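Engineer: Encoded as structure tokens, here's the structure I'll be asking about.
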Ligand SMILES: Cc1cc2nc3c(=O)[nH]c(=O)nc-3n(C[C@H](O)[C@H](O)[C@H](O)COP(=O)(O)O)c2cc1C
């Protein structure tokens, strides 16, 4: 089954592909060796102990399994993923999950045990008996989620608990699948209650424990379709609802944007109820809605490193390039050229150059920060369908360029302005742009045949992305925060803060 998922032919593979989301399959404790390059082998051990005879894990094993999940979620967040979807595939794991549920919820086995993938009544009776025995033998402390997880859980459950804790710690929401992910999430919430607001319940399975778990988590499931497959299938089916909800919040025009009369709107002094305030005179060619759109695109522009393979239509690319060409330039010298690279082999060579410099740059950081840095995804050259090399020709305007006498680097500044114009235009088009600057210029000149006197200022990756994060990825992963603007604005003389 694990190989089937890795090969892309399981239900979860199909749904993840359809949703455009990455699927990582982590082997935390499959008894046999799973031979497929798509499987990330992070085995804690070959299966847990038999819970009917003793604890499932040692303290060390529990720590290791939690750590696998934690690290995996941190890696995903570091790569710019802003939603973690949990799913599992563990044969017989509704037994472990039911036993944990009984303990966490403080109910008897009969309240939580169900047919799992569909066992008959005889097997169900045996399953109940095993759970009762497990509770009797292990005597878990029902006030202690660590103890419950260690004695009754599975490695996959513990890993998912670790992933919930890590994602929530990084303020990234978690979309839950069925009963087993619900148990993992409830264990996480019992350990760190602040994780709860980050949870979304994808669906409710018919397993009796699941409804109770969701109730304890105070979650309303998005779907209730009688699914009992696991493998994140319910969560992946709910994913479009989550993304549509976000899109609706982000993109729907307000009554005032759309100049719709809102009969429920606030009454503004001097205006009849429901009148839009947007009837103000159009200021120098921009309506209030157009003005808002400009600020919206400035705020929504992001540096993107996660791309979908879909091509960028030529008309869109044309408009983006035109926006670049309309950038301001010193003495109107227009020092830029735009080199559009689609060829995969060329992009691979560029990616190699960047990868080399990325690793070299890692040496500048102290040990503690190096690991963190090396985990960051800093380019998407092979993912994005287009690499745009923006160049700067300092000789373009002849020997004397108006305005450039004393500050020669104004040519580069001009090219940077063109790049920002493209970045903003692309955002308005829904096209993602990533700026890659980790390369030696001479290497890029050689790969792209650029003359010596021309500077390859930027490699921009262009394409569609599953998501534009609302804050910079480097801020999201805790690398740096946006500085407080008030500390950067001075009045009259350097260093004098603006009076409030
Ligand atoms: C001149 C310049 C060079 C950059 N080089 C890189 C780069 O090599 N790799 C990278 O991941 N981001 C690079 N960035 C993007 C910044 O990391 C990003 O703009 C910043 O974190 C703010 O995020 P935001 O653009 O999403 O607001 C570069 C940005 C600029 C302006």
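Taken together, the values in this text are just the output of simple stated rules run on the coordinates, not laboratory data. On a predicted model such as this, the values are computed, not experimentally measured, just so you know. We place every Cβ from the backbone using ideal geometry, glycine too, and count neighbours over all the protein chains shown.
Engineer: Could you tell me how many degrees, from 0 to 90 and to the nearest 10, lie between the Cα long axis of helix 179-191 and the main elongation axis, the longest principal axis, of the Cα atoms of the chain?
Structural biologist: It works out to around 80 degrees.
Engineer: If I fit a long axis through the Cα atoms of helix 344-362 and take the longest principal axis of the Cα atoms of the chain, what angle between them do I get, 0 to 90°, rounded to 10?
Structural biologist: 80 degrees
Engineer: Follow-up question, since we're still on this one. Based on Cα positions only, what radius of gyration and what Dmax would you give for the chain, in angstroms?
Structural biologist: 27.6, 91
Engineer: Right, something else. Inverting the mean 1/r over all pairs of different Cα atoms, compute the Kirkwood radius of segment 1-147 and quote it in Å.
Structural biologist: Working: mean 1/r = 0.0584 Å⁻¹.
About 17.1 Å, per the Kirkwood formula over Cα pairs.
Engineer: Using Cα centres only, tell me the gap between segment 1-53 and segment 143-203 in whole Å.
Structural biologist: Spelled out, the Cα-based centre of one part sits 19 Å from the other.
Engineer: Which whole-number value in Å³ per residue fits the convex hull of the alpha carbons of segment 2-247? Present the calculation step by step, with values, prior to reporting the outcome.
Structural biologist: On the way: hull volume 27.9 nm³, N = 246.
With only Cα atoms used, segment 2-247 gives 114 Å³ per residue.
Engineer: Can you work out the FRET efficiency for the pair residue 249 and residue 191, with r the C-beta to C-beta distance and R0 = 25 Å, to the nearest 0.05? Numbers along the way, then the final one.
Structural biologist: Details: r = 31 Å, r/R0 = 1.22.
Plugging the Cβ-Cβ distance into 1/(1 + (r/R0)^6) gives 0.25.
Engineer: In Å, what Rg and Dmax follow from the Cα atoms of segment 109-186?
Structural biologist: Taking only Cα atoms of segment 109-186, I get Rg and Dmax of 14.4, 45 Å.
Engineer: Can you give the helix-only mean residue ellipticity at 222 nm for the chain, where every DSSP H stretch with n ≥ 4 adds -39500 (n - 2.57) and the sum goes over all residues, rounded to the nearest 500 deg cm²/dmol?
Structural biologist: Working: 18 runs with 219 residues, N = 500.
For the chain, the value works out to -13500 deg cm²/dmol.
Engineer: Could you work out how far helix 208-217 tilts from the main Cα principal axis of the chain, as a 0 to 90 degree angle to the nearest 10?
Structural biologist: The angle comes out at about 50 degrees.
Engineer: Calculate the length of the line joining the C-alpha centroid of segment 92-123 to that of segment 295-373, in whole Å.
Structural biologist: For segment 92-123 versus segment 295-373, the Cα centre distance is 51 Å.
Engineer: Here is a follow-up. How far, in nm, would the chain grow between residue 490 and residue 319 when pulled straight, counting 0.36 nm per residue and subtracting the alpha carbon separation? Walk me through the intermediate numbers first.
Structural biologist: On the way: separation 171, 0.36 × 171 = 61.56 nm, distance 3.73 nm.
Full extension from residue 490 to residue 319 adds 57.8 nm.
Engineer: Let me ask another. What percentage of all Cα-Cα pairs in segment 301-487 are separated by more than 26 Å?
Structural biologist: Details: 6340 of 17391 pairs.
Counting every Cα pair in segment 301-487, those more than 26 Å apart make up 36 percent.
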